[in-house]
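One structure below.
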C-alpha cells in the first residue's frame, strides 16, 4: 500500500506523536482523527478527553461535533463543562492538547477569531472556544494544519491562543510553566520550535516532498533544522486504520439530508 | 414550584422583549423547540448568551430577534461557519449585532459565579491572548494570598435560561443525563427558567443517587415537548442529526433560502411538529 494522500500522511504523522501515556485534550477535525488513529494502532491505552466533558472516550466513528453522543456512550465518565475546564484542564491533569487553527505564525501562535480588524472583520471565524486555556494549561501542545500561504502567515491579525508569543522565553516571562507548542504537523513536513528562539523549524519532510514546495507554501521565510530527516511513509496498518475510521464516519454522518 | 404548562405559555410567561436569554446545551439537549417558539411569538431586542451558539442562534440572529450576543465559539461544529451570524457581524444584516466574546473556560466560570451568587469569576486564563484587548469585560484581579494575577470576568445572570432535558416528574423535578454541559449552572444563575422535556413521568427513577436533578423549586416552568432538542439530540431518546447540521450550511448561506426555511419550518409550524423526531422511549425509562 504505497499510495497515500498528503492529508493521510499528515494525520498519521500526527498520530505517531502520541503515546500510550498521554492524557490528551482533543480538538475536533484533524486532531480528532489523529488521536483516534493513535488509539487504534500503537497507543491503545491513551486517554482522550473532549471539552464537552467526556473523559477516556473511545469513539467508533469520529464525532462531527465536540459533543456527539458517541463520545459520551464510549467514555469512562462524563463531567459538566465547568468541571472540565476548572478541575481537569486548569487543574493541570492533561498532558497534551491537540489543536488546529485557521492561521498560525512562526512562533506557533494561533488565530481562529477574525481576519481583518476585530470591529470590522473581513472574515468572522468561530472564535477561541477552549483554545486560549488549552494552549496555556496543557503540559504541551501539538498542532496540525495543512501548510499554505493563507494559513502560515508572517503576522496574525489576532492572537486567539498564545504559542510562543514573541519567541525566546516569552512564555516563562508571562508566568506559564507549561511547554506550549512542541510540534506542528503539516501535510508536507513536521516543524518544531528552535530550542532558543522558539521559531518553528522544519525537522522532517514527508516522502516525495521537496524543500522548494515547503518554502513556496509558507507565508514566512521558513527555516530548516541542521538535521532534517524524511518522515517514514505510512504503514499498511496505519493507512488501513485511518481509511476504515474515515469510511465509518462518512457513512454515519451522511444519513438523510433532513435540512434540505 | 415549577409550573407545568404548554410551551407557548412557558415562553409567553417568561421571555420578554429586551431580556438577556441563555439557551444552553453543549451540543447535546439544545432547546430548539423553545427557541422556535421565541421566534414565533416575535420576541425582539434579545441579548443572547451561550457558550456555543450554533444553528438555533443562527436562526434567532437571522430573523432579527437579537440585539447582541455573549459567546465563546460561534460555528456549525464540524461543518464550518454560521452564515447568519457572519452576515450580521460582517454586513449588519438584518441588523447590527453587538458581540461580547470570551473563551469557554471564562464562560463556564462566569455561569458558575452566577449560580453561586458571586459578582465575578476568576480563572487562570487568556494569557498572551488578544481577546482582553477587544473585550473590556475581561479584566484582571490579584490574588490576595499569592499575588498571582488572574483573569476576571463578570458573572452571567440571565433574565431567563431555557434548556431541554430528558424528563420531569409531575411536580416539575427535572432529570438530565449524558453530556450535561453548563445547563445546571445556567438555570441556577437565571432569574427565571424554562425546561422543555422529552416526557413527564410519575417517578423520575434516576439511574443513580448522584444523577443531575434540578428540583422543582429551582425551576420556573416545565413544558412537555417530545423531540424538542432536534436536530441536536436527547441521550437515550434519539441521536444527533449530523446530516441536518451538514445540510444547514447551504440553507443558511443565502438570505432568501434562510427566510423561506424559517417561514416553512418555524413560523408556519407548531411545537408538536418536533414530536416526529422524538424516537422511541428507552426501556429503562418505561
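The values are calculated or read from the model by the stated rules, or taken from the named source; none is laboratory data. As the structure is a prediction and not an experimental result, all values here were calculated from the model. Positions of Cβ are backbone-derived with ideal geometry, glycine not excepted, and every protein chain shown enters the neighbour counts.
Note on region A:150-178: among residues that are touching a helix residue (DSSP H, G or I) at 6+ places or on another chain (Cβ under 8 Å) and either away from chain B (no Cβ under 12 Å) or in a loop (DSSP other than H, G, I, E, B) (or both), the one that is nearest to residue B:109 (Cα to Cα) is A:160. Screening B:48, B:82 for residues that are buried (at least 24 other Cβ atoms within 10 Å of the Cβ) and more than 14 Å from every other protein chain (Cβ to nearest Cβ) leaves exactly one candidate, B:48.
This table checks each residue for (1) within 11 Å of chain B (Cβ to nearest Cβ); (2) on the phi > 0 side of the Ramachandran plot; (3) in a loop (DSSP other than H, G, I, E, B); (4) touching a residue at least 24 places away in the same chain (Cβ under 8 Å).
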| residue | (1), (2), (3), (4) |
| --- | --- |
| A:75 | yes, no, yes, no |
| A:82 | yes, no, no, no |
| A:85 | yes, no, no, yes |
| A:92 | yes, yes, yes, yes |
| A:98 | no, no, no, yes |
| A:108 | no, yes, yes, yes |
| A:117 | yes, no, yes, yes |
| A:129 | yes, yes, yes, yes |
| A:133 | yes, no, no, yes |
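The set of residues from region A:160-170 being on the phi < 0 side of the Ramachandran plot and surrounded by fewer than 23 Cβ atoms within 10 Å (Cβ to Cβ) comprises A:166, A:169, A:170. Just one residue in the set A:121, A:195 is in a loop (DSSP other than H, G, I, E, B) and either touching a strand residue (DSSP E or B) at 6+ places or on another chain (Cβ under 9 Å) or in contact (Cβ under 8 Å) with a residue 24 or more places away in the chain (or both); that residue is A:121.
Among the residues of region A:147-175, the ones that are farther than 30 Å from residue B:93 by Cα and either touching a strand residue (DSSP E or B) at 6+ places or on another chain (Cβ under 9 Å) or modelled with pLDDT under 95 (or both) come to 8 in all.
Condition check ((1) without any contact (Cβ under 8 Å) to a residue 12 or more places away in the chain; (2) in contact with a helix residue (DSSP H, G or I) (Cβ under 8 Å, 6 or more places away or on another chain); (3) in a loop (DSSP other than H, G, I, E, B)) across all residues:
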{"site": "B:47", "(1), (2), (3)": "no, no, no"}
{"site": "B:58", "(1), (2), (3)": "no, yes, no"}
{"site": "B:61", "(1), (2), (3)": "no, yes, no"}
{"site": "B:64", "(1), (2), (3)": "no, no, yes"}
{"site": "B:69", "(1), (2), (3)": "no, yes, no"}
{"site": "B:74", "(1), (2), (3)": "no, yes, yes"}
{"site": "B:78", "(1), (2), (3)": "no, yes, yes"}
{"site": "B:87", "(1), (2), (3)": "no, yes, no"}
{"site": "B:90", "(1), (2), (3)": "yes, no, no"}
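Being touching a helix residue (DSSP H, G or I) at 6+ places or on another chain (Cβ under 7 Å) and within 14 Å of chain A (Cβ to nearest Cβ) is the filter; apply it to region B:188-221 and report the residue that is surrounded by the fewest Cβ atoms within 10 Å (Cβ to Cβ). Ranking the candidates gives B:212 first.
The strands (runs of 3 or more DSSP E) falling completely within region B:160-263 that include 3 or more residues that are under 20 Å from residue B:58 (Cβ atoms) map to B:160-169. The combined condition, being surrounded by fewer than 24 Cβ atoms within 10 Å (Cβ to Cβ), within 13 Å of another protein chain (Cβ to nearest Cβ) and under 15 Å from the mean Cα position of the chain (by Cα), is not fulfilled by residue A:17.
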